[in-house]
Amino acid sequence: MEGGDEMFYEMRTYRLNPGRLDAFLKRFEEVSLPFFEKHGITFIGCWKIGELPASEEVVTDGGRWKPAAGTRFDGDQVAYMVAFESVAARDSAWEAFVHDPEWPKALNAAEGTERSVAGEVFDLLEPASFSPMK
């Protein structure tokens, strides 16, 4: 990102091991968030990803959508968003986070050998010029 007051965002989507949603959310709130604060990672939000019920997709000339009535949010996926002042600030913060000797201790104390995260996807987001989040 180039200058200005704009922020640089990162969206992380986690596929969890079956049945680990509640444990992940508890650990994230109680253990991960204090480490984010410690390392300058601005937390924006965390979301449970809904599983749309089996239904027909509606397709028109204007686009497509799927009715959300009956959506379940108790599946094994979550997403969270964090923000940084620049790409360099992002890289520096994550490097400090993963090298913090207290992080593995806290993670092990919270989860033991039964890890919550089975896989993850990282998406870096730069606001479009018309985005209210800059």
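The values are calculated or read from the model by the stated rules, or taken from the named source; none is laboratory data. Note that this is a predicted model, so its numbers are computed, not measured. Cβ placement follows ideal geometry from the backbone for every residue including glycine, while neighbour counts extend to all protein chains displayed. Side chains are part of the model used for accessible areas, which takes the heavy atoms of the whole protein and leaves out ligands, DNA and RNA. Shrake-Rupley method; radii C 1.70, N 1.55, O 1.52, S 1.80 Å.
Quick check on this structure: which one of Glu111, Glu51, Glu95, Glu85 is farther than 28 Å from Leu21 by Cβ and surrounded by 12 or more Cβ atoms within 10 Å (Cβ to Cβ)?
Exactly one of Glu111, Glu51, Glu95, Glu85 is farther than 28 Å from Leu21 by Cβ and surrounded by 12 or more Cβ atoms within 10 Å (Cβ to Cβ), namely Glu85.
Of the residues making up segment 31-43, those that are open to solvent by 70 Å² or more (accessible area, probe 1.4 Å) and out of contact with any helix residue (DSSP H, G or I) (no Cβ under 7 Å at 6 or more places or on another chain) are Glu37, Lys38.
When only residues in segment 24-57 that are among the small types (Gly, Ala, Ser) and at pLDDT below 95 count, which is nearest to the chain's Cα centre (by Cα)? Only one residue fits best here, namely Gly50. The strands (runs of 3 or more DSSP E) found entirely in segment 1-91 that carry 3 or more residues being over 24 Å from Val117 (Cβ atoms) are 58-60, 63-65. In the set (1) buried (at least 16 other Cβ atoms within 10 Å of the Cβ); (2) polar (S, T, N, Q); (3) within 30 Å of Phe130 (Cα to Cα), Ser116 fails one condition alone, (3). Given the condition more than 12 Å from the chain's Cα centre (by Cα) and surrounded by fewer than 16 Cβ atoms within 10 Å (Cβ to Cβ), answer yes or no: does some residue in segment 75-82 qualify? Yes: one or more hits. Checking Met81, Met133 one by one, the residue that is under 24 Å from Glu10 (Cα atoms), of a type in the set (A, V, I, L, M) and in contact with a Cys (Cβ under 9 Å, 6 or more places away or on another chain) is Met81 and no other.
Close Cβ contacts (under 9 Å, 6 or more residues apart or on different chains) running from residues in segment 74-92 that are in contact (Cβ under 8 Å) with a residue 60 or more places away in the chain to residues that are charged (D, E, K, R) and in a helix (DSSP H, G or I) comprise Val82/Arg90; Ala83/Arg90; Phe84/Arg90; Phe84/Asp91.
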